[in-house]
Amino acid sequence: MKKKYGVVPDYPLPTAPDFPVLRHRDNHKWFAIIMDVPKDRLGLNGTDRVDIINVKMGDPMLVDMLSQQTGYCRGYHLNRGNWISILLDGTVPLEDICMWIDESYFVTASKQEQQRLRPPKEWIVPANPRYYDIEHAFDHAKEIDWKQGKGIKAGDTVYMYVALPICAILYKCKVVKTNIPYDYRDGNLTITSVMRIRLRKRYKPGAFTFDRLKGEYGISAVRGPRSVPGSLSEALRK
């Protein structure tokens, strides 16, 4: 946890001063606590003490599923809010424990940290040819700067949808950098930051028209950055 997240434990419990707690640096929420407790407190046979780590799951159904497996118990001491206790006696493989620590770190993280950690995502981004000659934007350059879309981060993929009179997706681009300061204002548009995108693929104007997007993939409008449905993503990647 120190190597991956830059987090070191603290010991805030007066009644258990040797129990290390791991928490986020920004919102200070707990994502793990390590302790030793009597087995019978976990619903196990015996009264000898066993080491456990408590972590938080994002899905209550996952808690139900795991708590029925050997090495897992419903969260001791933190039994509300989808916490689960994992035995540290070798029953649960280390790689699984690390995976659930990552899960707990993510579900307890701030929105900003979750955004940083989330896997790459695909977006449809609108472009209006009345304000920018998007048709020829990549004629002489593989990278251009474009208005920063909310929620988009480096590593994401954007499909450029060109509005009237073209009404079709023309480009697939990779986001290589975001949050580049920019200052542009006129009566129609205000831009305070841009993202740098790199061309990966061109599409013929008749390939992914608005009529096709609406009829086959249920996209009724492209007024701002939006997620790409799975079926459309598969078609765009062919």
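The simple Förster model, with R0 at 25 Å and r as the Cβ-Cβ distance, assigns K214 and I191 a FRET efficiency of 0.30. Label-to-label distance for N45 and K142 is 6.5 nm, based on points extended 7 Å past Cα in the beta-carbon direction. Rolling a 1.4 angstrom probe over the protein heavy atoms with all chains in place gives the chain an accessible area of 59 Å² per residue. Spatial offset of the range 12-72 relative to the range 90-144 amounts to 30 Å, using the alpha carbon center of each.
The count of lysine pairs in the range 8-128 whose Cα atoms are under 26 Å apart, excluding pairs fewer than 8 places apart on the same chain, comes to 6. Using a probe of 1.4 Å on the protein chains alone, the accessible area found for I134 is around 0 Å². Maximal additional length on extending the D26-K111 stretch stands at 29.5 nm, based on 0.36 nm per residue less the C-alpha distance.
Each other residue within a Cβ distance under 14 Å of V50 adds +1 if Lys or Arg and -1 if Asp or Glu, for a net charge of -2. Largest to smallest in accessible area, the residues T190, T15, T70, T209 fall in the order T15, T70, T190, T209 (1.4 Å probe, all protein chains included). Taking all protein chains together and a 1.4 Å probe, the residues L22, L164 rank L164, L22 from largest to smallest accessible area. Each helix, a run of at least 4 DSSP H residues, gives -39500 (n - 2.57); summed and divided by the residues of the chain, these come to -5000 deg cm²/dmol at 222 nm. Surface composition of the chain: carbon and sulfur atoms hold 51% of the protein heavy-atom accessible area at a 1.4 Å probe. When the residues T47, T91 are ordered by accessible surface, computed with a 1.4 Å probe over the protein chains alone, the sequence from largest down reads T47, T91.
Roughly what angle does helix 94-107 make with the longest principal axis of the chain, taking Cα atoms, 0 to 90 degrees, to the nearest 10? Approximately 60 degrees, to the nearest 10.
The values are calculated or read from the model by the stated rules, or taken from the named source; none is laboratory data. All values derive from a computational prediction rather than experimental measurement. Cβ atoms come from the backbone with ideal geometry, glycine included; neighbour counts cover every protein chain shown. Ligands, DNA and RNA are stripped out before the accessible areas are found, and what is left, the full protein with its side chains, is counted by its heavy atoms. Shrake-Rupley method; radii C 1.70, N 1.55, O 1.52, S 1.80 Å.
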